[in-house]
Amino acid sequence: MSIITKDERRKAKHRRVRRKVAGSPERPRLSVYRSNKHIRVQIVDDIAGKVLIAASSQSKEIREQNKYGGNKKAARAVGALIAEKAKAQGISAVVFDRGGYLYHGRIREVAEGARQGGLKF
């Protein structure tokens, strides 16, 4: 009998979500990864297989505002930063990929920050 870890369960959920969610050049995928200390966000074109834009709580702009990257305040700032970068590249609409995490807490804050920044989901 094998023991399934939390991360394995999350990855299984993520695979199920990814069956339905795909990014295109017109509407790329906003992918979120959450660790205990940081949060990372990427905008991905799945057809080309390329990361178009990336932001993280480890980036210089976010570290100047927040000492710790693993809280809601930092997550909202990362969402706003990715929206700002997306607007600069002409991306206004994305498909949200929560990465197998519940839409709650820091994941929700990233989405709210991106929406406030002007991204449409």
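Derivation of every value follows stated rules applied to the coordinates shown; laboratory data play no part. Every value quoted in this text rests on a predicted model; they were computed, and no experiment measured them. Cβ: placed from backbone, ideal geometry, glycine included. Neighbour counts: every protein chain shown.
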Sorted by chain and number, the residues with a modelled amide H under 5 Å from that of D46, at a separation of 5 or more or across chains, are G23, S24, R29
Beyond 29 Å (Cα-Cα) in this structure, taken from K37/K87; K20/K60; K6/K60; K11/K50, we find K20/K60; K6/K60
With DSSP loop assignment and no more than 11 other C-beta atoms within 10 Å, the GluC sites (Glu not before Pro) in segment 26-109 are E26
Here the convex hull volume per residue of the chain, taken over Cα atoms and given in Å³, is 106
Between the alpha carbon centres of segment 5-63 and segment 75-96 the gap in Å comes to 13
Exposure proxy check on L102, L81, L52: fewest-to-most Cβ neighbours within 10 Å is L102, L52, L81
Long-range amide H partners of I39, meaning residues 5 or more apart or on another chain whose placed amide H is closer than 5 Å, are S57, Q58
With V51 itself left out, Lys, Arg at +1 and Asp, Glu at -1 over residues whose Cβ is under 14 Å from its Cβ give +1
Treating only Lys and Arg (+1) and Asp and Glu (-1) as charged, each at its beta carbon, one finds that segment 6-116 has a dipole about its Cα centre, in Debye to the nearest 20, of 580
Here, segment 13-64 modelled as identical Cα point scatterers in vacuum has Debye log10 I(q)/I(0) at q = 0.24, 0.29, 0.31 Å⁻¹ of -0.93, -1.09, -1.14
Excluding residues fewer than 8 positions from K72 in its own chain, the aspartates and glutamates with Cα under 17 Å of it are E61, E64, E109, E112
Loop-resident chymotrypsin sites (Phe, Trp or Tyr not before Pro) in segment 1-103 with no more than 12 other Cβ atoms inside 10 Å, DSSP not H/G/I/E/B, are Y68, Y103
Stokes-Einstein, Kirkwood over Cα pairs, segment 64-121, 37 °C, 0.692 mPa s; D in µm²/s equals 286
